[in-house]
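The values are calculated or read from the model by the stated rules, or taken from the named source; none is laboratory data. All figures in this text were calculated on a predicted structure; none of them were measured in a lab. Ideal geometry is used to build each Cβ from the backbone, glycine not excepted, and the neighbour counts take in all protein chains shown. Side chains included, ligands, DNA and RNA excluded: accessible areas come from the protein's heavy atoms. Shrake-Rupley method; radii C 1.70, N 1.55, O 1.52, S 1.80 Å.
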Amino acid sequence: MVLAGLKLRGWALGAALSMILAACTSGPSGGGALTVGVSSPKDGAQVSIPFSVTVTSNVAIGPPESGNHHVHLYFDVGKDSGDYQLVYSNTVQVTRQLTPGKHTIIASLRNPDHSDAGPSVTFTVNVTGSGSESGSAAPSPTSSGPNY
Amino acid sequence: MKLERYSRSARRLHTAVYLLTLFLLATGWWLLVGREGEPSPVARLLGLPDAALHVWVGWGLAIAALLPLVLARRGVAAFMRETLRRDPGDLGWLLRWPLAIVTGRFARHEGHFDPGQRIANVAIVGLLVALIASGIGLVLVHFGPVFVVLAAVHRLATFAFTVVIAGHILVAAGILPGYRGAWRSMHLGGRVRIDQRLKRRPGDREASSR
């Protein structure tokens, strides 16, 4: 009787752990690899401060409290830097004072705990000064991650 | 006369835990107030993101907290026994406590810890367990609905822990007249001068004249 009870408890615990793990490892709706991209500005576009960056992904973008992924924007530094801009929705306004000239930006998809989720995309902008943004014709930025 | 309230190993563990905890509180609050992505002075110095620093030092705290369970089980058992004890005079002691922190005239109590310390021990250890467990969970889970629950637990435990630790530091620092000199029990050899405020308690050892 006691043994049966222990077995039942073990089964229930296993089932609960399986459900938790299933909930934890749920990824993109299609079940494929995570993706991230930048639809605006185009790679090499001329921009002026402030300018908007629009990110795309096959997973929902949101703040860490939502349990969703988010994006870090790194300006002229690597992904291991502690200096970045947080992107908690698909569009973000870049207000940092970038000097006029060419700048390399990495958009990195992050887990809610801010660890690297894998995919990232690198693009460049040419800052011309403050004023209105002009996303002139250039191909979309290419991604270093899988499935873009 | 001077007494040694805590053993050297207990004082070392206390120091390790509070140094790691204060660092984690600093980086944790830096992230909580929305400074994520803006390197703190320590992060700038070490060249690492604050979130990564928080995780690494958090692992250090988890190890420091688990070590006594392996290396000092008798000490842990004694701490638990003295913390969870209940005596008839506890309520009276607690009722006199608000006045005693100013006058130093504490009521008599049984056991190594006074009733106030016992409550603080339960709160501090309980919240540390909640913070470490939810912190490890956050690192392992990464995202999803379980992450949301763990993040909420971690955040709420941080708020409560900050208040409890602020109170503990206020008492332990010896700012309040009734606790003058209390900080020595965990620092500079751990020898406390016995006077009207700090009375000898079971488990105290007379300090050797060093």
If a residue must be surrounded by fewer than 16 Cβ atoms within 10 Å (Cβ to Cβ) and of a type outside the set (K, R), how many such residues does the stretch B:43-59 contain? 5
Quick one: is B:F106 open to solvent by less than 60 Å² (accessible area, probe 1.4 Å) and not in a helix (DSSP H, G or I)? yes
Being over 16 Å from the mean Cα position of the chain (by Cα), of a type in the set (S, T, N, Q) and in a helix (DSSP H, G or I) is the filter here; which residues of the stretch B:21-76 pass it? B:T27
Note on B:F143: of the conditions (1) more than 14 Å from chain A (Cβ to nearest Cβ); (2) part of a loop (DSSP other than H, G, I, E, B); (3) open to solvent by less than 60 Å² (accessible area, probe 1.4 Å), unmet is (1)
B:V129, sole failed condition from (1) closer than 23 Å to A:D113 by Cα; (2) surrounded by 14 or more Cβ atoms within 10 Å (Cβ to Cβ); (3) away from chain A (no Cβ under 14 Å): (2)
Return the residue satisfying two criteria in turn: it lies in the stretch A:75-90 and is surrounded by fewer than 18 Cβ atoms within 10 Å (Cβ to Cβ) and hydroxyl-bearing (S, T, Y), and of such residues it is farthest from the other protein chains (Cβ to nearest Cβ). A:S89
